[in-house]
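Okay, so here's the structure we're looking at.
The values are calculated or read from the model by the stated rules, or taken from the named source; none is laboratory data. The structure presented is a predicted model; accordingly, all values stated were derived computationally and were not measured. Every residue, glycine among them, receives a Cβ derived from its backbone with ideal geometry; neighbour counts consider all protein chains shown. To get the accessible areas, we keep the full protein, side chains included, count just its heavy atoms, and leave off ligands, DNA and RNA. Shrake-Rupley method; radii C 1.70, N 1.55, O 1.52, S 1.80 Å.
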Amino acid sequence: MALDGIVTRAIVHELQAFTGARISKIYQPGTHDLIFTLRGSGGGGKLLLSANPTYPRLHLTERSTLNPAEAPMFCMLLRKHCEGGTIESILQVGMERIIQITIKTRDELGDVSAKKLIIELMGRHSNIILTDLASGIIIDGIHHVTPSISSYRIVMPGVAYTQPPEQHKLDPLSIDKPEFLKLIAAAEQAALLRSMEPEPEAEDEGLEFEGELGNLIQREAVPQPADGSGGPAPSSDPAGWMVHAFSGISPLIAGEIVQRCSHILQAGGAPGAAGAAGQEPPVALWEAFDSTLEPVRGFRFSPVSGRNPKGKPMFSAIPLTSIGEPVKSYSSISQCLEDFYGDKAERDTVKQRVSDLIRFLGNERSKNIKKLANLQKDLDEAQDAERYRIWGELLFASLHAVSKGDKEASLINYYDENQAEIRIPLDPLLTPSDNAQRYFKKYNKYKNSLLIINEQLLRTHEEIAYMDNLLQQLAHASLHDIDEIREELVSQGYLRDRSKKGKKKKKTTRPTLQVFTSSEGIDIYVGKNNLQNEYVTNKLASSNDTWLHTKDIPGSHVVIRSETFGDTTLEEAAQLAAYFSQAKLSSSVPVDYTLIRHVRKPSGSKPGFVIYDHQKTLFVTPDEERIKSLPNVFKS
């Protein structure tokens, strides 16, 4: 993937349609993300601004998000300064991954004031910073940068805004052919001179610094030349040279240019020789460079996504010859980014938050698997209870034929229809009578333990099913769902309540549910955890609503909230039940469906557990694209 200067240019170009739009609502669903609801004469939309260190991005979105009950401080500040304001301009800083949105609004006194929202899409240094337009003073940032973090610039309220360090790269869109060829010649000469310089001695190397601090020190100590030199030689590493010399060119785009260049050269001869029509490699590189960036200059973007030759997912704002089949095309860069990133950022955050729960549930499941094996062993022994009774009675009937010190007794088995001889093991230290009593005691012990063992077996199977169910729920959980699952484990006595004793939590009687709308316009409710499953099945649904669940597979409770619907709605509901289950990646998944009045919860059973009858079964293969295409919202 490559959210580079070219993708940023495509985003800014697409967002020009919202110049003059009003910011009606601002939400902050996560630590790094903001949602702006925009209203304008050309229509509205939702704008996602993300300073996620792994997935920074800015694009229009149609995804439904669950917002916290109490807005974070930065969200409250943006509401104060930007909500109700008008977007005056949306600009890109050069070809950098920096976007500036100018917003005009009225303050508490009714006076017009202007703010500048700066979105820096710089990997782990990404940030969203609100400044006063006139003074350039930072009002606040979604991530604070203190002097202990960076000596170059500070991102704190009341400090003048400083742009990220200048990279002294050239604008690739303003370069012409003569200048490009001159840059190649200069870079070749500079690389040759560097190769002739002696290696610095070890004692002169000084201290090494890593990360942003090291980069800043290096840039201050050795300023990057503005002529494209200072990097690798274009002849040996043309892609590396272009990334070093030009702003906004990512390794992905540089690799595309090199690939096009090789095609041009191969059309006229062997690599390294003069190309088609006598072209030299620098000229061929220019032609590839120019043809790749020509649509970028004219704002003719055709976003695509696919995989590179190594199978890694990738996307681009322009078509690429290096992208592998199947190639997916999009009508806008926002659709491309929405599809590519999907819920990757949330899934990564969820993985970090649930790692301890998954480890705990895995350990509990392993314990119960071992317990099940031990119980099965006890059950096998207990099945011999009747044999011990027979042995005891045969010994009592033949005390005269057995002596103390015998290790076994060979007696006629009167309970066998063939009156066959049976060998009974004896303890030589016990009398024949005591041996018989010992077998009677074993008989009574195992006879009484059978009930307990069977009961324990049932409970252990239930525990394993419960753990499997929770593990499946965590696989589909949102950040909100995690808290509900954790609370459930606390209430069931599996985890200790680590919340502060004096702090009382608000009792939520109605959980937030994800509601999909079928192609026929009918609501389909999906429970993502046991709290939601119990609510949607036992409280929300009516007796004639239809309930669906994967057959004998841990999964979500799905309810069609209508008495009448077509086969399309039923099939889409079954798709949802299969997708939000442990069989998400399987084919021909069996999904049972029945009316809610045939579903009931046994007394004392685990949360989310129900039994049902009068069911029918559908077989479906989960289709992620089809499920994503269904409109959905969160309702509480």
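Filtered by the rule that a residue be closer than 21 Å to Asn533 by Cα and either of a type outside the set (Asp, Glu) or open to solvent by 60 Å² or more (accessible area, probe 1.4 Å) (or both), region 612-627 gives Tyr612, His614, Gln615, Lys616, Thr617, Leu618, Pro622, Ile627. Of the candidates Tyr439, Tyr443, Tyr414, Tyr466, the single residue that is closer than 30 Å to Lys528 by Cα and either part of a loop (DSSP other than H, G, I, E, B) or of a type in the set (Phe, Trp, Tyr) (or both) is Tyr466. Quick check, is Pro164 more than 30 Å from Thr31 (Cβ to Cβ), assigned to a loop (DSSP other than H, G, I, E, B) and in contact with a strand residue (DSSP E or B) (Cβ under 7 Å, 6 or more places away or on another chain)? Answer is no for this residue. Summed over region 97-125, residues that are open to solvent by less than 40 Å² (accessible area, probe 1.4 Å) and either assigned to a loop (DSSP other than H, G, I, E, B) or not basic (Lys, Arg) (or both) total 17. Taking each residue of region 73-91 that is in contact (Cβ under 8 Å) with a residue 60 or more places away in the chain and closer than 26 Å to Arg9 by Cα and looking for partners that are open to solvent by 40 Å² or more (accessible area, probe 1.4 Å) and polar (S, T, N, Q) with beta-carbon atoms closer than 8 Å, six or more apart or interchain, yields Ile87/Thr19; Glu88/Thr19; Ser89/Thr19; Ile90/Gln16; Ile90/Thr19. For region 526-544, the candidate set comprises residues that are in contact with an Asp or Glu (Cβ under 9 Å, 6 or more places away or on another chain) and open to solvent by 10 Å² or more (accessible area, probe 1.4 Å); within that set, the residue that is farthest from Glu62 (Cα to Cα) is Asn544.
With respect to being surrounded by 13 or more Cβ atoms within 10 Å (Cβ to Cβ) and touching a helix residue (DSSP H, G or I) at 6+ places or on another chain (Cβ under 7 Å), Ala397 falls outside the description.
Hey, Pro172 hits all of (1) of a type outside the set (Asp, Glu); (2) surrounded by 13 or more Cβ atoms within 10 Å (Cβ to Cβ); (3) without any contact (Cβ under 8 Å) to a residue 12 or more places away in the chain; (4) in a loop (DSSP other than H, G, I, E, B) but one; which does it fall short on? Going through (1) of a type outside the set (Asp, Glu); (2) surrounded by 13 or more Cβ atoms within 10 Å (Cβ to Cβ); (3) without any contact (Cβ under 8 Å) to a residue 12 or more places away in the chain; (4) in a loop (DSSP other than H, G, I, E, B) one by one, Pro172 breaks only (3). Can you tell me which residue in region 593-610 is surrounded by the fewest Cβ atoms within 10 Å (Cβ to Cβ), limited to those that are free of Cβ contacts under 8 Å to residues at least 60 places away in the same chain and touching a Ser or Thr at 6+ places or on another chain (Cβ under 7 Å)? Selected residue: Arg597.
Scan region 550-569 for residues that are touching a strand residue (DSSP E or B) at 6+ places or on another chain (Cβ under 7 Å) and either open to solvent by less than 30 Å² (accessible area, probe 1.4 Å) or among the basic types (Lys, Arg) (or both) and jot them down. Those that are touching a strand residue (DSSP E or B) at 6+ places or on another chain (Cβ under 7 Å) and either open to solvent by less than 30 Å² (accessible area, probe 1.4 Å) or among the basic types (Lys, Arg) (or both): Thr550, Lys551, Pro554, Gly555, Ser556, His557, Val558, Val559, Ile560, Arg561, Thr569. Only one entry of Leu430, Leu457 meets the criterion of being touching a residue at least 12 places away in the same chain (Cβ under 8 Å), farther than 30 Å from Glu487 by Cβ and either not small (Gly, Ala, Ser) or not in a helix (DSSP H, G or I) (or both), and that entry is Leu430.
For region 381-395, the condition of being more than 30 Å from Leu430 (Cβ to Cβ) and not acidic (Asp, Glu) holds for none of the residues.
For region 391-410, the set of residues classified as of a type in the set (A, V, I, L, M, F, W, C), out of contact with any Pro (no Cβ under 6 Å at 6 or more places or on another chain) and outside any helix (DSSP H, G or I) consists of Ala409 only. Residue count for region 134-148 under the criterion of being surrounded by fewer than 16 Cβ atoms within 10 Å (Cβ to Cβ) and among the hydrophobic types (A, V, I, L, M, F, W, C): the result is 2. Where strands (runs of 3 or more DSSP E) sit wholly within region 546-618, those with at least 1 residues that are touching a helix residue (DSSP H, G or I) at 6+ places or on another chain (Cβ under 9 Å) and either over 26 Å from His461 (Cα atoms) or among the basic types (Lys, Arg) (or both) occupy 546-550, 558-560. Kindly indicate whether Ser518 is at pLDDT 90 or above and small (Gly, Ala, Ser). Yes.
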